[in-house]
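The values are calculated or read from the model by the stated rules, or taken from the named source; none is laboratory data. No experiment lies behind these values; they were computed from the predicted model shown. Because the Cβ atoms are built from the backbone with ideal geometry, glycine has one as well, and the counts that use them run over all protein chains shown.
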Amino acid sequence: MHCPFCRNPDSRVIDSRSTEDGAAIRRRRSCPECNKRFTTQENVLQMVAKRSGVTEPFSREKIIAGVRRACQGRPVDEDALAALGQRVEESIRATGAAEIQSHEIGLAILGPLQELDEVAYLRFASVYRGFESLDDFEKEINALRRIAPPE
């Protein structure tokens, strides 16, 4: 790690701490050359393999943005979206895989989204599963009714 002040290639780790969500490690460092201190953050990169064959780093923000579109006009607040994003990220990271298929991420979103808002779930599922007719919606609605009968 190069010192950001004098560009010395060496530094000494003074302290290491995990971030609150456990997804990164913060290290406090000291430069032996100029004696200045600085902080670094190490993140574990989990890659997503998309259907097109392209891989990109996992992004909780992309999860939240996709779910936000499905929740448009629904009574879902930003805190609930953030909690859903964290829940999905935790389930993805729990797999321990360095690379995960985008399809698996979609599956990880469906469960929490169904609990959050059924209409948003239907919207997301219709795109994710590629609904092509009203019959597809009807089958999904009937499946939802079997899971949680109306009150």
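Looking at region 75-121, which of its residues are touching a strand residue (DSSP E or B) at 6+ places or on another chain (Cβ under 8 Å), surrounded by fewer than 16 Cβ atoms within 10 Å (Cβ to Cβ), not polar (S, T, N, Q) and not in a loop (DSSP other than H, G, I, E, B)?
GLU99 - this is the single residue of region 75-121 that is touching a strand residue (DSSP E or B) at 6+ places or on another chain (Cβ under 8 Å), surrounded by fewer than 16 Cβ atoms within 10 Å (Cβ to Cβ), not polar (S, T, N, Q) and not in a loop (DSSP other than H, G, I, E, B).
Considering each of ALA108, ALA70 in turn, give the residue that is touching a Ser or Thr at 6+ places or on another chain (Cβ under 7 Å), closer than 18 Å to ARG129 by Cα and free of Cβ contacts under 8 Å to residues at least 60 places away in the same chain.
So the residue among ALA108, ALA70 that is touching a Ser or Thr at 6+ places or on another chain (Cβ under 7 Å), closer than 18 Å to ARG129 by Cα and free of Cβ contacts under 8 Å to residues at least 60 places away in the same chain is ALA108.
Tell me, which strands (runs of 3 or more DSSP E) wholly within region 1-74 include 2 or more residues that are among the hydrophobic types (A, V, I, L, M, F, W, C) and closer than 30 Å to ARG123 by Cβ?
Qualifying strands (runs of 3 or more DSSP E): 47-49.
So which pairs qualify, if the first residue must be in region 78-100 and of a type in the set (D, E, K, R), the second must be surrounded by 12 or more Cβ atoms within 10 Å (Cβ to Cβ) and at pLDDT below 90, the Cβ gap must be under 8 Å, and the two must be at least 6 apart or on different chains?
What qualifies is GLU89/ALA23; ARG93/ALA23; ARG93/GLN46; GLU99/GLN46.
State yes or no: is GLN46 at pLDDT below 95, in contact with a strand residue (DSSP E or B) (Cβ under 7 Å, 6 or more places away or on another chain) and under 21 Å from THR19 (Cα atoms)?
In short, yes.
How many of the residues in region 24-54 are surrounded by 12 or more Cβ atoms within 10 Å (Cβ to Cβ), under 30 Å from GLN101 (Cα atoms) and hydroxyl-bearing (Ser, Thr, Tyr)?
The total comes to 1.
Please go through region 1-41 and give me each residue that is within 30 Å of GLU104 (Cβ to Cβ) and either assigned by the TED database to the domain that holds GLU89 or not acidic (Asp, Glu) (or both), ordered by number.
Of everything in region 1-41, those that are within 30 Å of GLU104 (Cβ to Cβ) and either assigned by the TED database to the domain that holds GLU89 or not acidic (Asp, Glu) (or both) turn out to be SER18, THR19, GLY22, ALA23, ALA24, ILE25, ARG26, GLN41.
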